[in-house]
Each structure stands twice: as C-alpha cells, then as structure tokens.
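Colleague: Structure below; questions to follow.
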Amino acid sequence: MECVFCKIANNEAKSFKIYEDKEYIAILDIYPNIKGQTLVIPKKHISSYAFDASDRELFQKLWRRCSRKA
C-alpha cells in the first residue's frame, strides 16, 4: 500500500500545492495548527520516521527548501 504522501507526489490524491520541483513538493496542511501551515515533503518515499532516515543529503536539501519557503 502506497503512503498518502506518495499519492500526493504522484498526483493521485488531492492537495493544494504551493511549490514543486524535481525532488520536493510543498502543500498546505489539511489540519493546520495555524493558518497557512505548509508541509514540505520529498517526492522520494521514506519508509520510516523522517529523522531516523539515513539519507543525510536528502534531508539537507529538504531543510534548504523549507528555509526558502518560510
């Protein structure tokens, strides 16, 4: 079973995209704590809790994308 974030990245699930490039996508959170809360997610599937993942380069790029959008 594919995860919801993979479905969003593959345009198989609805989302409100505010940014997209070759590796990442930024969408509005459907259950935000504050107005405009955004999720920046990699298009590459991550099978476990993100901060336990071993792909250091992926997360360095992710944080750079997040800082550009803030």
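Colleague: For the range 18-57, name all the residues that are closer than 20 Å to residue 2 by Cα, open to solvent by less than 40 Å² (accessible area, probe 1.4 Å) and either modelled with pLDDT under 90 or in contact with a helix residue (DSSP H, G or I) (Cβ under 9 Å, 6 or more places away or on another chain) (or both).
Modeller: 24, 25, 26, 27, 40, 41, 42, 50, 53
Colleague: Can you tell me which residues in the range 1-14 are open to solvent by 50 Å² or more (accessible area, probe 1.4 Å) and either among the acidic types (Asp, Glu) or within 14 Å of residue 40 (Cα to Cα) (or both)?
Modeller: We begin by selecting, within the range 1-14, every residue open to solvent by 50 Å² or more (accessible area, probe 1.4 Å); these are 1-2, 4-5, 7, 10-12, 14.
The answer is 2, 4, 5, 12.
Colleague: What do you reckon, is residue 70 surrounded by fewer than 10 Cβ atoms within 10 Å (Cβ to Cβ), among the hydrophobic types (A, V, I, L, M, F, W, C) and at pLDDT below 90?
Modeller: Working: surrounded by fewer than 10 Cβ atoms within 10 Å (Cβ to Cβ): yes; among the hydrophobic types (A, V, I, L, M, F, W, C): yes; at pLDDT below 90: yes.
Spelling it out, residue 70 is indeed surrounded by fewer than 10 Cβ atoms within 10 Å (Cβ to Cβ), among the hydrophobic types (A, V, I, L, M, F, W, C) and at pLDDT below 90.
The values are calculated or read from the model by the stated rules, or taken from the named source; none is laboratory data. All values derive from a computational prediction rather than experimental measurement. Cβ coordinates were reconstructed from backbone atoms using ideal geometry, including for glycine residues, and neighbour counts include every protein chain displayed. Keep in mind that these areas ignore ligands, DNA and RNA; they rest on the heavy atoms of the full protein, side chains included. Shrake-Rupley method; radii C 1.70, N 1.55, O 1.52, S 1.80 Å.
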